[in-house]
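Just below is one structure, and these are the notes that go with it.
The values are calculated or read from the model by the stated rules, or taken from the named source; none is laboratory data. Since the model is a prediction, treat every value here as computed from it, not as a measurement. Backbone-built Cβ (ideal geometry, glycine too); neighbour counts: all protein chains shown. Heavy atoms of the whole protein, side chains included, go into the accessibility calculation; ligands, DNA and RNA do not. Shrake-Rupley method; radii C 1.70, N 1.55, O 1.52, S 1.80 Å.
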2 protein chains.
Amino acid sequence: LFQLTILGSSGAIPAYDRYPSCQHLVIQNRYFLIDCGEGAQMQMSKLNLSHHRLEHILISHLHGDHYLGLMGLLFTMHLNNRVNPLHIYAFRGLTEILITHLRHSRSSLNFRIHFHELTENKIETIFEDDAITVETIPLRHKLSCCGFLFREKTKPRRIDKAKLFKGMLLQHIAQLKSGADVHNEKGEVLYRSDDFTMSPRKSFSYAYCSDTAFHPPIATQLNNVNLMYHEATFTESEKSKAVDTFHSTASEAAEIARLANAGKLLLGHFSARYRELDVLLGEARAIFPATELALESSTFELSA
Amino acid sequence: LFQLTILGSSGAIPAYDRYPSCQHLVIQNRYFLIDCGEGAQMQMSKLNLSHHRLEHILISHLHGDHYLGLMGLLFTMHLNNRVNPLHIYAFRGLTEILITHLRHSRSSLNFRIHFHELTENKIETIFEDDAITVETIPLRHKLSCCGFLFREKTKPRRIDKAKLFKGMLLQHIAQLKSGADVHNEKGEVLYRSDDFTMSPRKSFSYAYCSDTAFHPPIATQLNNVNLMYHEATFTESEKSKAVDTFHSTASEAAEIARLANAGKLLLGHFSARYRELDVLLGEARAIFPATELALESSTFELSA
């Protein structure tokens, strides 16, 4: 499963039932929260997303609309007797904020937090295991800010069960699945991997491009990404406002998706000045047709 | 107008669409926010309560469910170009929390905050003007904690318009309204105030009793209060849990209302273990019949 759920699509001022930035991502049973705006825990609870399963919370930058829901979520995990450690990825400063809250409420959490400090202006792999990698995407904003690129590694070949026959050894099947041929004692090929296996399932990728001015160099890193979220705070008519505040217009988000040859683009971080979002969507689709709005409660799945 | 609107009725863990503690109070055009749990600004916006009008935010104590919505609300006021100063009343520590947030987002607010530090275990008048007073209610909780008692002062007598006649001087009418008789140059009574005025409208009071263990001594301070909110985290069957955590049961809330001879009792700060709240309401009404649940979006008005 590679499933993204949008919990917040709003820019700095929440409006029209849009919540500040927050997304929930599951890749092959790994659970991520990407940014954690105010109300994140209520949104999770509304959509029946369990905070018990969360292992990683990634905070793109320290503007309030991207992290003010974190302390409340941590208190709720604590009160629900969480034991499992939690990994938090953020720029320096977040720990001091959390510790200040904890100190004044005379609380300490009953689970361990592993804090991973992000580095500015540099692509870094911040998480890797046997199935996926997560790397940062350096962005241009008023504060140190980065996005996150999630990639599935090449998946194992799949055994073609129809080709197996009685009496085959389990160790030989495992060997075939890994892509290696099986040889007999004389070194002759007994079974060829290609005869017993099918090509692996497709590996997918998702890029979360948080608050940023229009910054085309990221397209290289994001080349051929399957799904891309890019902030789209303003319409073209407010382009000068976008420049002043280090944000992007919907067309600029679409231009990045086009340059990166993305599979699909999701727009979010909408300014409170827009009650209706049709203009933003229309402007983006004129440049990159496969564009959707990343609205609260919507879910996007990547599957072969 | 004396109008209370409930924005949050939940205990520490928000659940079932109940938000953490927050109430909006208007008394004669003075606008107060009482506690400011996570999501307060979204709740205000949903109920069309303007943050522009807020002049006073009172925080009962520094547990997250009572103040984690404050920083987001302040950022929203800032982004909406607030100019008017804001008064915040809280125990020491809140300023450090706010300053830590501001420092790491490299922000400074474009309006002034007047911070009023509360004192523990002592009744203090924290606000007074020509029409109302607000005093603290010392409570018993794990952290320094107080409630707030809002009282209207005696209102001016009302002119009985039917009794006025052509040619009366405005200054004489004002004098009569203030309760003083009008004399002629010889010192003789020209008009008696009682003949031209009616008794003032009734003055009302509201007591907000935030998180507290059962603490009957407060009933003296709250004697004859018109409307009382008292936390009611647990049912009687969880009384030992209430004792351990310095919270109250619904019956204990009712017992305080009975001792104080309150006009009406509102229950809130419900534990996440209760999806339905009938048991809490029933237990309180058995002791104090004029009890209601302080649920999100509900409004309570005091008027003659």
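Annotations
- In summary, B:Leu25 fulfils each of the numbered conditions (1) in a strand (DSSP E or B); (2) at positive phi with the single exception of condition (2).
- The range B:259-284, subset more than 21 Å from B:Leu4 (Cα to Cα) and free of Cβ contacts under 8 Å to residues at least 40 places away in the same chain, residue surrounded by the most Cβ atoms within 10 Å (Cβ to Cβ): B:Tyr274
- Selection within the range A:94-133 - of a type in the set (Val, Ile, Thr) and either at pLDDT below 95 or open to solvent by 40 Å² or more (accessible area, probe 1.4 Å) (or both): A:Thr95, A:Ile99, A:Ile113, A:Thr119, A:Ile123, A:Thr125
- Of note, A:Leu68 does not satisfy the criterion of being in contact (Cβ under 8 Å) with a residue 24 or more places away in the chain and outside any loop (DSSP other than H, G, I, E, B).
- Members of the range A:224-258 found to be surrounded by fewer than 17 Cβ atoms within 10 Å (Cβ to Cβ), more than 21 Å from the chain's Cα centre (by Cα) and polar (S, T, N, Q), listed by number: A:Ser237, A:Ser240
- When the range B:285-301 is filtered for residues that are open to solvent by less than 70 Å² (accessible area, probe 1.4 Å) and of a type in the set (A, V, I, L, M, F, W, C), the ones remaining, listed by number, are B:Ile287, B:Phe288, B:Ala290, B:Leu293, B:Ala294, B:Leu295, B:Phe300.
- Hits in the range A:100-130 (condition: in contact with a Ser or Thr (Cβ under 9 Å, 6 or more places away or on another chain) and hydrophobic (A, V, I, L, M, F, W, C)): A:Leu102, A:Ile113, A:Phe115, A:Leu118, A:Ile123, A:Ile126, A:Phe127
- Hits in the range A:52-66 - residues which are under 13 Å from A:Leu33 (Cα atoms) and surrounded by 17 or more Cβ atoms within 10 Å (Cβ to Cβ): A:Leu54, A:His56, A:Ile57, A:Leu58, A:Ile59, A:Ser60, A:His66
- Taking the criterion of being within 12 Å of another protein chain (Cβ to nearest Cβ), closer than 18 Å to B:Met77 by Cα and open to solvent by less than 10 Å² (accessible area, probe 1.4 Å), the residues of the range B:13-42 that qualify are B:Cys36, B:Gly37, B:Glu38, B:Gly39, B:Ala40.
- Residue within the range B:94-116 that is touching a residue at least 24 places away in the same chain (Cβ under 8 Å), charged (D, E, K, R) and either in a strand (DSSP E or B) or within 14 Å of chain A (Cβ to nearest Cβ) (or both) present: no
- If you filter the range B:1-12 down to residues that are in a loop (DSSP other than H, G, I, E, B) and open to solvent by less than 10 Å² (accessible area, probe 1.4 Å), you find that the one that is nearest to B:Met77 (Cα to Cα) is B:Ser9.
- Residue satisfying all of: in the range A:145-176; out of contact with any helix residue (DSSP H, G or I) (no Cβ under 8 Å at 6 or more places or on another chain) and of a type in the set (Lys, Arg); farthest from A:Glu117 (Cα to Cα) among these: A:Lys166
- Each residue in the range A:117-127 was checked for being assigned to a strand (DSSP E or B) and more than 19 Å from A:Asp35 (Cα to Cα), and 0 of them qualify.
- Residue check for B:Ile137: open to solvent by 30 Å² or more (accessible area, probe 1.4 Å), away from chain A (no Cβ under 11 Å) and either assigned to a strand (DSSP E or B) or at pLDDT below 95 (or both): no
- Of the residues examined, B:Gly69 is one that is within 9 Å of chain A (Cβ to nearest Cβ), in contact with an Asp or Glu (Cβ under 6 Å, 6 or more places away or on another chain) and buried (at least 21 other Cβ atoms within 10 Å of the Cβ).
- Selection status of B:Lys202, open to solvent by 40 Å² or more (accessible area, probe 1.4 Å) and more than 24 Å from B:Ala304 (Cβ to Cβ): no
- Qualifying residue in the range A:154-173 (condition: open to solvent by 50 Å² or more (accessible area, probe 1.4 Å), charged (D, E, K, R), touching a strand residue (DSSP E or B) at 6+ places or on another chain (Cβ under 7 Å) and assigned to a strand (DSSP E or B)): yes
- Scope the range B:46-57; condition out of contact with any helix residue (DSSP H, G or I) (no Cβ under 9 Å at 6 or more places or on another chain) and either facing another protein chain (nearest Cβ under 10 Å) or outside any strand (DSSP E or B) (or both); matching residues: B:Lys46, B:Leu47, B:Asn48, B:Arg53, B:Glu55
- Among the numbered conditions (1) without any contact (Cβ under 8 Å) to a residue 40 or more places away in the chain; (2) within 26 Å of A:Thr136 (Cα to Cα), the only one that A:His183 does not meet is (2).
- Selected residue (criterion: surrounded by the most Cβ atoms within 10 Å (Cβ to Cβ)) from residues of the range A:72-93 that are within 8 Å of chain B (Cβ to nearest Cβ) and in a loop (DSSP other than H, G, I, E, B): A:Gly93
- Screening B:Val189 with (1) aliphatic (A, V, I, L, M); (2) farther than 25 Å from B:Asn224 by Cα; (3) surrounded by 15 or more Cβ atoms within 10 Å (Cβ to Cβ) gives one miss only, at (3).
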